[in-house]
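Only one structure is covered here, and it is reproduced in the block below.
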Amino acid sequence: MIQFHPSRSKALEQLQSFVENHLGLYARDRNFDFGPEKRTNTSCLSPYVTHGILSENEIIKQSLKQYSFSKIEKFIQEVLWRTYWKGWLERRPSVWTDFINDLKYLKVDFESDKNLKAAVNGNTDIDCFNDWVNELKETGYLHNHTRMWFSSIWIFTLDLPWQLGAEFFMKYLKDGDPASNTLSWRWTAGIQTKGKNYVAQEWNIKKFTNGRYDKVKLNENAIPIVSDKEYVQIDPDFTNSNITENQTLLIFDNQLCFESSDFQDHKFKKIMLLQNTNLTRSIELDDELIKFKSDLIHDQQDRLKDHIEVEVRDISYLHNLDLSDKIALYPNVGENLGYLNQNQIKLNFLYRRLDQITNSYCKKGFFNFKNFIPKIISQIS
């Protein structure tokens, strides 16, 4: 099965291997889930992108050295989907807040629900779904097409709230991203693009699992979930705070490659890497996922320690810290920023150039966003 090694060196090897050996056939084969033993038709780089071990810019540049834009346009679009989702959520941060708040009462309401227990334990009467539950728990990963089927079955066949499904994914996914995960589940349900839900179908599962699953009984006539909640769009200010001498730079678990960041040439007194454990999270993560994040943080520490003073601290350490000489890489809407806001911890932020460039294109849907991708690439090159 696919394994994700918690190191930048392994991430770079994976990137190089995929670009050299498999990227050329990505557009043709990307929708097929051949099983956990055969993942070469997708890049499997998402866990590294989620944690900033590899940047979108880095992946795109490496890919364009090997192929023309027209040849790999679909791959580049998929790389930037996550960037788009982040930007969309930054403009509507209450979507994340509402999701976290919804979980509080839904977990109580469904505490004894038989369908939920069967789903999370892989004991439903849907074989493929059960296999995917086990794969998710064992590997921390699912093929993107399978995530669509999974979420559709969860919502429309098993009749479970999308919020609990999104939480289940975040508990195990090594590439679990607050924006892409939450908004993708909303999209399946039919509330992200209102009135347009995603319905998993037997023929589609059979075709794109290469015949591994057939005779899958599903609710194929499901109607979209209706929500009357409207979100006012804001225009976030992504202006960087001033960097002065003798500052300590704070880095969260989504930007763990300082040496290739936009701020690598600036002089900082010290770098502090911040862990967010289950003691300080709204969504409890699987122990293996917590360890994966911790290993990535310590891999970043090892890469930096010969060049600058660097230490690892739990995010709760900020409560007792003088923040006047601290500046932080922006953690984006999600658990880390949520913790800061909830505890009224005020920090000055530095923002990725990619997010500064793309955010204004995230006001509408992705099909509008993708028209600007050539312009985005030219600006980040």
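The values are calculated or read from the model by the stated rules, or taken from the named source; none is laboratory data. What you are looking at is a predicted structure, and each value in this text was computed from that prediction instead of being measured. All Cβ positions, glycine included, derive from the backbone under ideal geometry; neighbour counts span all protein chains shown. To get the accessible areas, we keep the full protein, side chains included, count just its heavy atoms, and leave off ligands, DNA and RNA. Shrake-Rupley method; radii C 1.70, N 1.55, O 1.52, S 1.80 Å.
Just a few scattered comments:
- Between helix 73-90 and the chain: long-axis angle, C-alpha atoms, 0 to 90°, nearest 10: 70
- Every pair of different Cα atoms in region 1-134 enters the Kirkwood calculation, which places the hydrodynamic radius at 17.7 Å.
- Spin-label model distance (nm) - GLU13 vs GLU288, 7 Å beyond Cα toward Cβ: 2.0
- Rounded to the nearest 0.05, the FRET efficiency derived from the C-beta distance between TYR231 and ASN121 at R0 = 41 Å is 0.75.
- The residues of the chain present an accessible area of 47 Å² per residue when probed at 1.4 Å with all protein chains retained.
- Kirkwood analysis of region 131-243, using all unique Cα-Cα pairs, places the hydrodynamic radius at 15.5 Å.
- Among LEU274, LEU25, LEU347: highest mean-square fluctuation, GNM of the chain, C-alpha pairs under 10 Å: LEU25
- Rounded tilt (10° steps) of 178-189 against the dominant C-alpha axis of the chain: 20
- Total formal charge among the other residues, if their Cβ is under 12 angstrom from that of TRP132, Lys/Arg +1 and Asp/Glu -1: -2
- Around ILE76: net Lys/Arg minus Asp/Glu count, Cβ-Cβ under 15 Å: +4
- GNM top mover of PHE69, PHE367, PHE268 - the chain, alpha-carbon springs below 10 Å: PHE367
- Length gained on full extension, ASN21 to LYS207, computed as 0.36 nm times the residue gap minus the Cα-Cα distance: 64.5 nm.
- Helix 8-21 and the long axis of the chain differ in direction by around 50°, with both axes built from C-alpha atoms.
- Its relative contact order, with pairs defined as Cα atoms under 8 Å and 6+ residues apart, puts the chain at 19 percent.
- Taking other residues whose beta carbon is less than 14 angstrom from the beta carbon of PHE34, and scoring Lys, Arg as +1 and Asp, Glu as -1, yields +2.
- Residue-averaged [θ]222 nm for the chain, counting only DSSP H segments that reach four residues, each worth -39500 (n - 2.57): -13000 deg cm²/dmol
- Separation between Cα centres of region 280-351 and region 8-72, rounded to whole Å: 27
- Comparing mean-square fluctuations of ASP159, ASP306, ASP29 from a GNM of the chain with C-alpha springs under 10 Å, the top value falls on ASP306.
- Taking all Cα pairs closer than 8 Å and separated by 6 or more residues, the relative contact order of region 128-247 comes to 21 percent.
- Annotation: amide H-H contacts under 5 Å for VAL312 (H modelled 1.01 Å from N, sequence separation of 5 or more, or interchain): LEU273.
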